[in-house]
Each structure stands twice: as structure tokens, then as C-alpha cells.
Amino acid sequence: MGIGALMLASCSGTDKKLAEDSVRIAELSAEYAEASSFNDSLMLLMGDIYTGLDSINMQEGLLYNMGAGEGMDRRAEIRQNLANIKARLAANKQLLDQMEAKLKNTGKENSVLSKTITQLKDRIAKQDTKIAQLENDLASARQQIDTLTNKVAVAQQQVQVETEAKEAAEAATVAAENAANTVYYAIGTNKELKKNGLLEKKFLGQTKVLKGEFNESYFTKADKRTLSTIPTGSKKVKIWTNMPEDSYELVENEDKIKTLKITNPKEFWSMTSFLVIQVD
């Protein structure tokens, strides 16, 4: 009877120990699972923070390597990307704060996790600082671009003014050359020439040429640089104006119709810019 009671007491003690061990194992398992989940979350968060750093570096490369033709659209894209990265960093910092508070609430000290959280928060702060610098550089780049744009606009305006002045000068030169090379010729019968004031018969039968007022519209306007022949349409031709005889010739066709051929334009027009031809 004493032995049975002893065995019963022993079994009861063993069962109690097993029950306590089971509870402890369950607690340890829960703690392990929680710690494992905590570590996994921290590792994921760490990866996202490092990805944010890569994203910042990428935006930095885009900003400092913008080509000459990349302007407002590229800067707006970089500005939006930086805003997105800032928002993600702020969310990660909030998660780290929550994880740090959770770690403290457990009442258990874990120097490794605490140090990791501190390092990640420090990294986020540095990334925030870098983003602020990039935003300042972006604004500075915009200001510099605006300044350059204004300078380019002023330069373009100056070029336009100079170009217009040059074109005006060239046009004036061309107009002056054209005016200097403009000549006039008139062909008509003696009666027609007198009627338009080109010929005027004076006392004792002397005929004056272009001495008074005459009808300028009766003349044909031409360019002496390109005028080489003047068909008269007549067999009988008389040149009334003072043209050097060795500067032209009258050429007949098979019907004896004469054409005035200018052989030396410079000399031909050296005395006057008006040519009066009488045909009968």
C-alpha cells in the first residue's frame, strides 16, 4: 500500500512536469514564430530601404546626365519619382518605429535587432537628406535653364535683328544695282516720237531729243546687263540718242528687217540711259 501510493505520487509529479514542459515548449514555439516573423519583416523592410537607395541613385543619374534636348518633361518625371521615393521612405520609417516599440514592449532585450533598426532609421534619414539635395539641385537646374533660355531668346532676337538689317542692306544693294542698271528704250515713227515729247523740232529744222517734258510711260524698261538685242520691226531705222557707234550694230534679216544688236553694253549706255529709235 505504501509502495502504490509512492508510485502514484511519482506518476502525478511526472505528469505535472510534462504539462509544464509542454506549455514551455508552446511558449518557446510561439516566441520563435514571432521572432522569426519579426526578423522576416525586418529583412523585407531592409531590402525595400536599400531598393529606395538604388532608386535615389538612379534619379541622381538622370538629373546630372540630362541631355541638351531634355527639359521640362524629364525634370517633372524626376520630381515625381523623388516624391514617390520620399513617400515610401516615410512609410518605412513609420514601420520601423512600430517594430521598435513592439520590441521594447516584449520586455526582452535584443541588441542585434535594436542595432539593425537604428541603422535602418539612420539610413532613411540620410536618404531623406540626399533627396532634399537632389530637389534643390533640380530647382537650381530649372533656374539655370530659365536663365539660359532667356539668354538664348535674347541672342535669337539679336540674330533676328541683325539678319533683318543684313537682308535690308542686301535688298537695298540689289535695288541700287538694279536701279543703276535700269535703261529705257522707245521705238516709234517720227510722228509718234514727237507726240510723246521725245523729239522736238526747233527753228531752222534742228531736232532736239529729250530736251523738254516727255512721256516716260512710252519707254520700255529693261536691264542693260541682260538686254543684248532690240527688234525694230522696220527696214529703216534711225538712232536719235547719242550712242557710241562702235558699241552696236544694226543687223538685217533676209527681209531687210533690222535688229539693234548691242555689242558693248557698258559703252553703249555710257552717255545716257534712254534710247530713242525712229522707224519708218
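Numbers for the structure displayed
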quantity: Protection proxy ranking, peptides 185-195, 111-121, average beta carbon neighbours within 10 Å, highest first; calculated: 185-195, 111-121
quantity: Lys/Arg +1, Asp/Glu -1 at C-beta; region 164-219 dipole; positive extreme among Thr207, Tyr218, Ala168; calculated: Thr207
quantity: Virtual spin-label span in nm between Lys121 and Lys261, 7 Å along Cα→Cβ; calculated: 10.9
quantity: Added length on full extension, which subtracts the Cα-Cα distance from 0.36 nm per residue, Ser270 to Asn105; calculated: 48.0 nm
quantity: Inter-probe distance in nm under a simple model that places probes 7 Å from Cα toward Cβ, at Glu213 and Lys166; calculated: 4.8
quantity: GluC sites (Glu not before Pro) restricted to DSSP loop in region 217-280 with at most 15 other C-beta within 10 Å; calculated: Glu254
quantity: Projected label distance in nm at Ala222 and Ala91, using a 7 Å step from Cα toward the beta-carbon; calculated: 8.9
quantity: FRET efficiency estimate (nearest 0.05) - Cβ-Cβ, Lys201 to Lys235, R0 30 angstrom; calculated: 0.80
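Rule-based calculations on the coordinates, nothing more; no lab input. Everything numeric in this text was worked out from a predicted model, so none of it was measured. Neighbour counts are summed over all protein chains in view; Cβ atoms, including those assigned to glycine, are modelled from backbone coordinates with ideal geometry.
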